[in-house]
Amino acid sequence: MGYTLNNIKKSPFKGLKSSWISSDFGNRRFWNNVTGKYVEDFHSGIDMTSGTEITATARGKVTACRNTVKGYTESQASGNYVTLYHGNNVYTTYCHMKYGSVKVKVGDIVEAGSVIGTKGTTGFSTGEHLHYGVKVNGSWVDPKPYLLGTKDLPQYGGTTPTPAPTGNLKYKAGDEVIFTGTLYRDSYGNGAGQSRSNLRAKIYLVNKNGSHPYNINNGLGWVKESDLTPINTTPGNYYTVVRGDTLWAIAQKFYGNGSRYPEIAKANNISNPDLIHAGQKLLIP
């Protein structure tokens, strides 16, 4: 008998928080309406029927996929599918996708929530559904705890997911900011790279599920929200001078026009633009 799985936290379907489960994990017996026979086997995942667009449940690297099966076949039982590797010998698999709908290729790295295909009925499938499976250390395990959030999948490139910030994000793609901090390879804080100080930047990509949710300057790196300050010209916006700064360069950061530095000098009672020092806070008018 099928049932509804509610309170899904990390869904393999876009926008889905509950789904009808037509076949559960473990030993099963069902009627195959194509062959007209009963089938008894071990089911290595769960069959979900309610969604349409299939999404990755964690950041992963595509290790295998197929996109060429057009209908029912037992020789290619998974039909059109995608398998993702998440690290720590953990894999997820997404099977029976619609012919021609798979959007990734082997070697691609996909983020959690990225659409990878569309629900279909290909391979050993007698009706439209997604077969979702989780393999840990070479063995298939019940995937429901991972969907419900009581267990976490690793994120590819790191060992465990880093908690995402709570509440609404402060910035959106296209916003201009000043960045001071460390750049990371992905939005989950994996792969720390170079540090930058008072870098004028533009938000390029946003991943609301990441602990470092902003990609800046066309892929320069992923950064934390706390390392960003907005660029604006409203009174009360302060800038901390770093070694090597000039008023001309600071004006360029904030206004895109270095010749406007006299406005900053006047607002801060600076008589000689060369007499600024590292650590000084300047009011940007």
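The values are calculated or read from the model by the stated rules, or taken from the named source; none is laboratory data. Because the structure is predicted, anything quoted here is derived from the model rather than measured. Positions of Cβ are generated from backbone atoms using ideal geometry, with glycine treated the same way; all protein chains shown enter the neighbour counts.
Based on this model, can you work out whether Thr4 counts as within 30 Å of Glu111 (Cβ to Cβ) and surrounded by 12 or more Cβ atoms within 10 Å (Cβ to Cβ)?
The answer is no for Thr4.
Which of the residues that make up the stretch 142-151 are touching a residue at least 24 places away in the same chain (Cβ under 8 Å) and either more than 23 Å from the chain's Cα centre (by Cα) or not in a helix (DSSP H, G or I) (or both)?
Scanning the stretch 142-151 gives Asp142, Pro143, Gly149.
Which one is nearest to the chain's Cα centre (by Cα), of the residues in the stretch 80-138 that are among the aromatic types (Phe, Trp, Tyr) and within 22 Å of Gly210 (Cα to Cα)?
Checking each candidate, the answer is Tyr85.
Among the residues that make up the stretch 97-112, is at least one of them at pLDDT 95 or above, assigned by TED's automatic domain parsing to the domain that holds Asn27 and closer than 22 Å to Val39 by Cα?
yes
Quick one: Ser114 ticks every box in (1) surrounded by fewer than 20 Cβ atoms within 10 Å (Cβ to Cβ); (2) among the polar types (S, T, N, Q); (3) over 14 Å from Gly60 (Cβ atoms) except a single one, so which number is it?
Failed condition: (3).
Tally the residues that are part of a loop (DSSP other than H, G, I, E, B) and over 21 Å from Gly60 (Cα atoms), restricting the search to the stretch 172-222.
Final tally of qualifying residues: 6.
For Glu176, all conditions in the list (1) within 18 Å of the chain's Cα centre (by Cα); (2) of a type outside the set (Val, Ile, Thr); (3) closer than 22 Å to Trp222 by Cα hold save one; what is the number of the exception?
Of the numbered conditions (1) within 18 Å of the chain's Cα centre (by Cα); (2) of a type outside the set (Val, Ile, Thr); (3) closer than 22 Å to Trp222 by Cα, the odd one out for Glu176 is (1).
Can you tell me how many residues within the stretch 18-67 are more than 25 Å from the chain's Cα centre (by Cα), small (Gly, Ala, Ser) and in a strand (DSSP E or B)?
Adding up the residues that qualify gives 3.
From the list Lys119, Lys70, pick out the single residue that is touching a residue at least 12 places away in the same chain (Cβ under 8 Å), of a type in the set (Lys, Arg), farther than 20 Å from Pro154 by Cβ and assigned to a strand (DSSP E or B).
Result: Lys119 is the single residue among Lys119, Lys70 that is touching a residue at least 12 places away in the same chain (Cβ under 8 Å), of a type in the set (Lys, Arg), farther than 20 Å from Pro154 by Cβ and assigned to a strand (DSSP E or B).
Which of the residues belonging to the stretch 93-116 are in a strand (DSSP E or B) and within 17 Å of Ala77 (Cβ to Cβ)?
Correct list: Thr93, Tyr94, Cys95, His96, Met97.
Output the number of the condition that Ser187 fails; it satisfies all remaining conditions of (1) touching a strand residue (DSSP E or B) at 6+ places or on another chain (Cβ under 9 Å); (2) at positive phi; (3) of a type outside the set (Phe, Trp, Tyr).
(2)
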